[in-house]
Amino acid sequence: MPKKAKSIQLIFDDDRKKFYRARDQLSGVVLLQSLGNVAVVNIKVHVFGKADTEVTEVCQDTDGKRQNLVHKAEKVYLDYFQLVCGTDDTRGLSIIPEGEHRFPFSCNLPADLPSSLQRHKEKKVTPNAIRYYVHCVVNYSEKKSDNVYKPFQVQHLLNVDDPVFSVPPSPLIEERTVTSLACIPGDIKLTASIARQAFLNFEPILINAEIGNFSRRRLTALEVALIRNEEYNAEGVSNTKSYEIAKISTGRIAARQTMHWSSEPLPLPDYLTPTLLNCPLIKVNYQLEFTLKIPGAENITRKLDIIIGTVTNEIISQLQINPPQSQAGSRHNSTLSANPDTPPPPYSVLEPNNLDDQTPSAPEVDSMAAVVIN
């Protein structure tokens, strides 16, 4: 009689589903193939999700030497177990006969789960992430077991039509007088605005701007960049990283000239990590950064806070009538071909044809590439 199964797989009922939302049902089967009768104590399915952070604090010891203190924290959001075969009594055994066998499992996801946030670095599971996965363990007799991991993505319902986001940000107005030894003083004025505060993660942001160059200098350009800020917190210590996601710019602006933008689109990638506000350990927010480059003088830089959401009122009404869909519908078509923030593909999961020589393996996560600006 074989001591272990030939192969074990975790299969979701809808493997085409890109992400799950609050109160969705996650269901599937454990597919086990055996070349003969296999004795198992039990088969357990663990649906798990947590946020974990690691923040390094640079400080000095009593001798004045620099040292790094590492602070860690975690918050568990999902911790569900289901026994799909056998019992918790380790003294009993169940015999699984030769062939292919399916053991179903299901879990109703709780409300207000934060969206998945994860990246891949040097093929290791890294901290500062929010991960969800299903873990199946097949416990054999003789204190042996096989483990299989399969990830799934969660997307928090963040409604861009929420009345909280209905008021557009106040327009940016910045005026400066520039001088030089050879030039008469002149004013430079920047006015910029957007019509809305919240956007879906694949629609362009329409920008209105006016630059009045009343000086004798030729301005280099106005650049508008979408910046993602990620703040990690652990044991009272925080660290923030910023990434440039997308950018557009004007050409040069001649002296004594005025430039206008009317609903100029800033195209966004097909997928962006949404604004993340409901996790105490990790915060994700977005800003539009306006930079007017002035040769020989300090640039004018101003920022507008925006929200990257996931659904609209229309999509929510459809979710209440129909089963949840794999992804939200689009109100606009993005024209950006590059995609610096792709949704993570599946983990490397342990689903070999032969498990005899395998050891339990943790899932790997994947990257969200972007330009790091600090």
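The values are calculated or read from the model by the stated rules, or taken from the named source; none is laboratory data. The shown structure was predicted, so the numbers you read here are calculated from the model rather than taken from an experiment. Note: ideal-geometry Cβ built from the backbone for every residue, glycine included; neighbour counts use all protein chains shown.
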| task | Among the candidates 64, 36, single out the residue that is modelled with pLDDT of 90 or more, surrounded by fewer than 15 Cβ atoms within 10 Å (Cβ to Cβ) and out of contact with any strand residue (DSSP E or B) (no Cβ under 9 Å at 6 or more places or on another chain). | result | 36
| request: Filter the strands (runs of 3 or more DSSP E) completely within region 30-139 down to those with at least 2 residues that are acidic (Asp, Glu) and within 27 Å of residue 18 (Cα to Cα). | output: 66-86
| Quick check, is residue 167 within 18 Å of residue 306 (Cβ to Cβ) and modelled with pLDDT under 90? | yes
| request: Being buried (at least 18 other Cβ atoms within 10 Å of the Cβ) and over 18 Å from residue 136 (Cβ atoms) is the filter; apply it to region 21-32 and report the residue that is modelled with the lowest pLDDT. | output: 21
| request: Among the residues of region 174-202, count how many are within 19 Å of residue 290 (Cα to Cα) and not in a strand (DSSP E or B). | output: 3
| said: Restricting to region 196-215, count the residues that are closer than 30 Å to residue 186 by Cβ and crowded, with 21+ Cβ neighbours inside 10 Å. | reply: 5
| note | The correct count of residues that are buried (at least 16 other Cβ atoms within 10 Å of the Cβ) and of a type outside the set (S, T, N, Q) in region 51-61 is 4
| If you check 131, 102, 91, which single one turns out to be at pLDDT 95 or above and surrounded by fewer than 17 Cβ atoms within 10 Å (Cβ to Cβ)? | 102
| request: Among the residues of region 248-260, write down those that are surrounded by 13 or more Cβ atoms within 10 Å (Cβ to Cβ), in a strand (DSSP E or B) and over 31 Å from the mean Cα position of the chain (by Cα). | output: 253, 257, 259
